[in-house]
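Below you'll find the structure, written out as structure tokens, and then a few comments.
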Amino acid sequence: MTNIFKLYRYERNKYLHYSINTSASIYNYCIGLYKRYYRMFGKHLNQYRLTKHIAKLKKRIRYWQQLGSQAAVQDIIQRIEKAYKLFFKQHKQGTLPPSFKKCRKYKSFTLKQTGYKFLGGNKLRIGKRVNKFVLSREIGGKVKTLTVKRNNLGELFILVVTHHQNETIPKMTGKIAGWDFGLKTFLTGSDGTNIESPLFFKQLRNKFKDAYGSLSRKNEGSNNWYKEKDHLNRVYEKITNKRHD
């Protein structure tokens, strides 16, 4: 089960942005290394050897040390390894190999067993710093992974994956329900229950078009251009969140 919580905006949270940017730097370095190794030797680079190599480099490259946990580095390498395995398996079907990513488009880093600790309530320590998040629901079960993610607006979220050993299975009632799909009413149940169509995209489409048109009329790189870009991203985030709901 994945729980998503929003981190409070604090000036000190900028170190998490630095950590995501550092993750992008390590990711791109690994991609380049994979490509060079295959070009020189015609073989796939061993994941274990790459992990050891990056660990040594991380001690020498000061910028990389902003990503405190070695577990986050291991996750980056595992992501790349998984993507390459998928490419080798399905390249005939058009699957492309993993490629370089721009720093601003790299969105997250993941910690598995180490590098974080929940301190109770809405407090969480990542590395050596304590952060507060919006505790919209209780975190139940054993925490397996924690991902720090930023959206297009620069807002930070934590994605907490938990495992429940003894999940309660809902009891069967023995009743049967029929549902009818319609254009105006999304679902009509045999018991008379009506579920309206989710028209959020239609409602927000005009706002999205207006924001996109306004952005295209601004000089790229100007203050007004960045303001309109943020506005467009806010509308996009609303559409995305409503789809998830």
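Since every read-out is calculated from the coordinates, none of them should be taken as a lab result. Quick caveat: nothing in here was measured; it's all calculated off a predicted structure. All Cβ positions, even for glycine, are placed from backbone atoms using ideal geometry, and neighbour counts span all protein chains on display.
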Between 0 and 90°, nearest 10: helix 200-216 axis offset from the chain longest Cα axis: 50 degrees
Distance histogram in 5 Å bins (all Cα pairs of segment 14-105, percent per bin): 3, 13, 23, 24, 18, 11, 5, 2, 0
Set K132/K218; K6/K85; K52/K123; K35/K238; K52/K85; K132/K227 screened for pairs whose C-alpha atoms are more than 31 Å apart: K132/K218; K6/K85; K52/K123; K35/K238
R62-K128 FRET efficiency (beta carbon distance; Förster radius 25 Å; 0.05 resolution): 0.90
Angle in degrees between helix 14-41 and the longest Cα principal axis of the chain, rounded to the nearest 10: 60 degrees
Most mobile of N13, N219, N194 in a GNM of the chain (Cα contacts under 10 Å): N194
GNM result for the chain, Cα springs below 10 Å: residue of L50, L96, L16 fluctuating most strongly: L96
Pair K89, N223: separation of 7 Å Cα→Cβ label points (nm): 5.2 nm
Neighbour net charge for L86 - beta-carbon separation under 14 angstrom, K R +1, D E -1: +4
Residue range of the chain that is longest and free of trypsin sites (Lys or Arg not before Pro) which are both DSSP loop and sparsely packed (at most 16 other C-beta within 10 Å): 63-100
Dimensionless Rg over Rh [the chain; C-alpha; Kirkwood]: 1.04
Cα long-axis angle, helix 223-244 against the chain (0 to 90 degrees, to the nearest 10): 60 degrees
Computed E for K101/H53 - FRET, C-beta separation, R0 22 angstrom, nearest 0.05: 0.60
Max mean-square fluctuation residue, GNM over the chain, Cα-Cα springs under 10 Å, options Q47, Q113, Q90: Q90
Cβ-derived FRET efficiency at R0 45 Å, Q113 paired with Y10, nearest 0.05: 0.95
Packing-based exposure ordering (other Cβ within 10 Å, fewest first) of C30, C103: C103, C30
